[in-house]
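S.K.: Okay, here's the structure, questions in a sec.
Rule-based calculations on the coordinates, nothing more; no lab input. Bear in mind the structure is a predicted one, so any value in this text is a computation, not a measurement. Note that each Cβ is placed from the backbone with ideal geometry, even for glycine, and that neighbours are counted across all protein chains shown.
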Protein chains: 2
Amino acid sequence: MASETDPRSMRSREAILNAARELLLEGGPTAVTHVHVADRAGVGRATVYRHWPQAEPLLVEAMATVPMPFLDKPTTPTRDWLRRELTAIARQLELDDVRAVSTTLANTALWDENMDARRAQFAGILADRLAAALDDAQARGEITLALTSRDAAALAIGPMYYRSTIEHATADSALIEAIIAALGTWSTD
Amino acid sequence: MASETDPRSMRSREAILNAARELLLEGGPTAVTHVHVADRAGVGRATVYRHWPQAEPLLVEAMATVPMPFLDKPTTPTRDWLRRELTAIARQLELDDVRAVSTTLANTALWDENMDARRAQFAGILADRLAAALDDAQARGEITLALTSRDAAALAIGPMYYRSTIEHATADSALIEAIIAALGTWSTD
């Protein structure tokens, strides 16, 4: 394990993370491989392996430094926005790399403080954004929520996460519509 | 790695799995440690480590050989049975060992065929049982389902799984009631 305080080691770590972030934004999760990252960062492949023996934790770290694209900037009608966002999350969760990253995050967070902080950050952002959007929708009379808005992320994302990582299947539009209906009574129903 | 075909290695593997299963049934997931398993199986600790370097995959294997206790033998009213079962699952998912096992299963299944078979078995049992119970409840007029019964496991267990493994928090009764309501219109509503 490279020292976390050695300046040269810290510089290569930073270069690797920057390269991983660039590759993630350019080509999605599948682009973040040891070979590509080493090339882009201008370091040897062994250096990448020394800092991150496996690709998933590197991808988790890189993901934590890019803006989370989901459930951001709600538009009205809220139900249409929500359907688009949940569908986008469902499509991401069909990718093997996203499955790998999310299950690595959940698993490694149990014993790695740094990873646990990423998990908490990730969960907090999603829960906060969805709660804010649904509170606003309720204030506008679009929906009467069936649960507190902070519980909405578990009810909305949980089924798609389980479908992807435990059932290894697709969250289709029927499941997404059932999720949207579960959040409350929509005024246009 | 011990050979999977060497008879002596297979015998010790079997003894270790039997010991793990016994300990699991007697003391729950926390009882399945390398030390306890070695003692019970009458093998050296190094032998346990050789077959299972980490405790979670051993626990996953042991769990796969004991009857799954959840969502089994539905009683009526179905809603009361479902509330009890979901509450029992939620309480299990609060245990660190169950978190570890379920996230190890989801993560390792992505590259380990044997673990993937366990995952599929686990997911299939839960989905089948819940679908059968809900189909029967609908036939009896207890509920009009809001989704196909095979989607019910994702909608019911997914939020609790996400709450436990991503949000690291408790699925309280409000969330469980929201899940039950999401499955359909209950005739007693």
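S.K.: Could you go through segment B:80-92 in sequence order and give the Karplus-derived ³J(HN,Hα) for each residue, using 6.51 cos²θ - 1.76 cosθ + 1.60 with θ = phi - 60°, rounded to whole Hz, and x for Gly and Pro?
M.R.: With coefficients 6.51, -1.76 and 1.60, one gets 5, 4, 5, 4, 5, 5, 5, 5, 5, 5, 4, 5, 4 Hz.
S.K.: Which angle between 0 and 90 degrees, to the nearest 10, do you get for helix B:96-108 versus the longest principal axis of chain B when only C-alpha atoms count?
M.R.: That helix lies at roughly 80 degrees to the long axis.
S.K.: I've got another one for you. Please list the non-local residues whose amide H lies under 5 Å from the amide H of A:Ile143, H modeled 1.01 Å from N, same-chain partners needing a gap of 5 or more.
M.R.: Long-range HN contacts for A:Ile143: A:Gln138, A:Ser187.
S.K.: Still on this structure: To the nearest 10 degrees, how steeply does helix B:113-139 sit against the main Cα axis of chain B, on a 0 to 90 scale?
M.R.: Once rounded, one gets 20 degrees.
S.K.: Before rounding to the nearest 500, sum -39500 (n - 2.57) across all DSSP H runs of length at least 4 in the protein assembly as shown and divide by the residue total; then give [θ] at 222 nm in deg cm²/dmol.
M.R.: Working: 18 runs with 250 residues, N = 378.
After summing the helix terms and dividing by the residues of the protein assembly as shown, the value is -21500 deg cm²/dmol.
S.K.: Moving on. Can you tell me, using C-alpha contacts under 8 Å and at least 6 residues apart, the relative contact order of chain B as a whole percent?
M.R.: 18
S.K.: While we're here: For B:Thr76 and B:Arg8, what is the calculated FRET efficiency with R₀ set at 35 Å and r taken between the beta-carbons, to the nearest 0.05?
M.R.: Numbers: r = 52 Å, r/R0 = 1.48.
Efficiency for this residue pair is about 0.10.
S.K.: Using the beta-carbon distance between A:Tyr49 and A:Leu25 and R0 = 22 Å, what value does 1/(1 + (r/R0)^6) give for FRET efficiency, to the nearest 0.05?
M.R.: Numbers: r = 23 Å, r/R0 = 1.04.
The value I calculate is 0.45.
S.K.: Could you point to the residue in B:Asn114, B:Thr170, B:Gly184 farthest towards the positive end of chain B's charge dipole, with +1 and -1 charges on the Cβ of Lys/Arg and Asp/Glu respectively?
M.R.: About the Cα centre, the residue reaching furthest to the positive side is B:Asn114.
S.K.: Where in segment A:75-110 does the label zone of A:Thr170 land, with the point 7 angstrom along Cα→C-beta and an amide N cut-off under 15 Å?
M.R.: Inside the label zone: A:87-96.
S.K.: Now a separate question. Which of the three applies to chain A, rounded, prolate or oblate, going by the alpha-carbon gyration tensor with a ≥ b ≥ c and a/c under 1.5 meaning rounded?
M.R.: In terms of gyration-tensor shape, prolate.
S.K.: Another question about this same structure. Which of the three applies to segment B:73-123, rounded, prolate or oblate, going by the alpha-carbon gyration tensor with a ≥ b ≥ c and a/c under 1.5 meaning rounded? It would help to have the intermediate numbers written out before the result.
M.R.: On the way: a/c = 4.87, a/b = 1.90, b/c = 2.56.
It is oblate, given that a/c is not under 1.5 and a/b is not larger than b/c.
S.K.: Still on this structure: Starting at the first residue of segment A:56-62, write each ³J(HN,Hα) from the Karplus equation 6.51 cos²θ - 1.76 cosθ + 1.60 with θ = phi - 60°, in whole Hz, x for Gly and Pro.
M.R.: Working through the residues one at a time gives 4, x, 5, 5, 4, 4, 5 Hz.
S.K.: Suppose every Lys and Arg Cβ carries +1 and every Asp and Glu Cβ carries -1, with no other charges. What dipole size does the protein assembly as shown come out with about its Cα centre, to the nearest 20 debye?
M.R.: Here the protein assembly as shown has a charge dipole of around 560 debye.
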